[in-house]
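Here's the structure, in structure tokens; my notes come after.
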Amino acid sequence: MLKKALILLLGLSTLLLAQDIAGTYTGTLTAETPEGGQGGPATVVIRQEGQTLSITAGPQPDQQRPASKVVRTGNQLKFEIHPPGDVPRTMSFVLILKDGRLTGDVTLTQEGDTRRAKLDVTKE
């Protein structure tokens, strides 16, 4: 009985990891500010070849930046974006994929200052 349960669990986890998440996701990035949430457009483009993911993100499809440190664990996706500018900045994403929707936290780090935001994008 235990052997059958382990085989079923392994099969389900393999199915989740093999799920094709490639596509264009659009929605909003809402920054947490003292005045409340301040939102703007967000686009995440995911390409998948086998188990390898390449990701770009930005406010619009024509303003994409490549992601680095892409890691997928089950339905969790982590990556970093380095926006352009004179001051080095890092946006760290920790997202959950569920039903064609990516939601989660974004942390922007710049010169020792940290700001937080929420991302909510849906696959087109």
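The values are calculated or read from the model by the stated rules, or taken from the named source; none is laboratory data. No experiment lies behind these values; they were computed from the predicted model shown. All Cβ positions, glycine included, derive from the backbone under ideal geometry; neighbour counts span all protein chains shown.
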Only residues that are without any contact (Cβ under 8 Å) to a residue 40 or more places away in the chain, surrounded by 14 or more Cβ atoms within 10 Å (Cβ to Cβ) and assigned to a strand (DSSP E or B): list them for the stretch 73-100, please.
LYS78, PHE79, GLU80, ILE81, ARG89, THR90, MET91, SER92, PHE93, VAL94, LEU95
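Identify all residues within the stretch 55-93 that are over 11 Å from the mean Cα position of the chain (by Cα) and of a type in the set (Gly, Ala, Ser); write none if there are none. Walk me through how you get there before you give the answer.
Taking the stretch 55-93 first, the residues over 11 Å from the mean Cα position of the chain (by Cα) are 58-66, 68-69, 73-74, 82-90.
Passing the criteria: GLY58, SER68, GLY74, GLY85.
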Considering (1) surrounded by 12 or more Cβ atoms within 10 Å (Cβ to Cβ); (2) modelled with pLDDT of 95 or more; (3) of a type in the set (D, E, K, R), say which one ARG115 fails and leave the rest.
(2)
Looking only at the stretch 50-64, count every residue that is in contact (Cβ under 8 Å) with a residue 12 or more places away in the chain and either surrounded by 16 or more Cβ atoms within 10 Å (Cβ to Cβ) or part of a strand (DSSP E or B) (or both) and tell me the total.
7
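Residues ALA5, ALA31: which one is at pLDDT 50 or above and among the aliphatic types (A, V, I, L, M)?
Values: ALA5 fails: at pLDDT 50 or above.
The unique qualifying residue is ALA31.
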Within the stretch 34-49, is even one residue under 23 Å from THR109 (Cβ atoms), surrounded by 15 or more Cβ atoms within 10 Å (Cβ to Cβ) and either touching a Cys at 6+ places or on another chain (Cβ under 8 Å) or at pLDDT below 95 (or both)?
no
From (1) closer than 17 Å to VAL71 by Cβ; (2) loosely packed, with under 13 Cβ neighbours inside 10 Å; (3) modelled with pLDDT of 95 or more, pick out the condition that doesn't hold for LEU17.
(3)
Against the condition modelled with pLDDT under 95, surrounded by 14 or more Cβ atoms within 10 Å (Cβ to Cβ), at negative phi and part of a strand (DSSP E or B), how does ALA67 come out, does it pass?
no
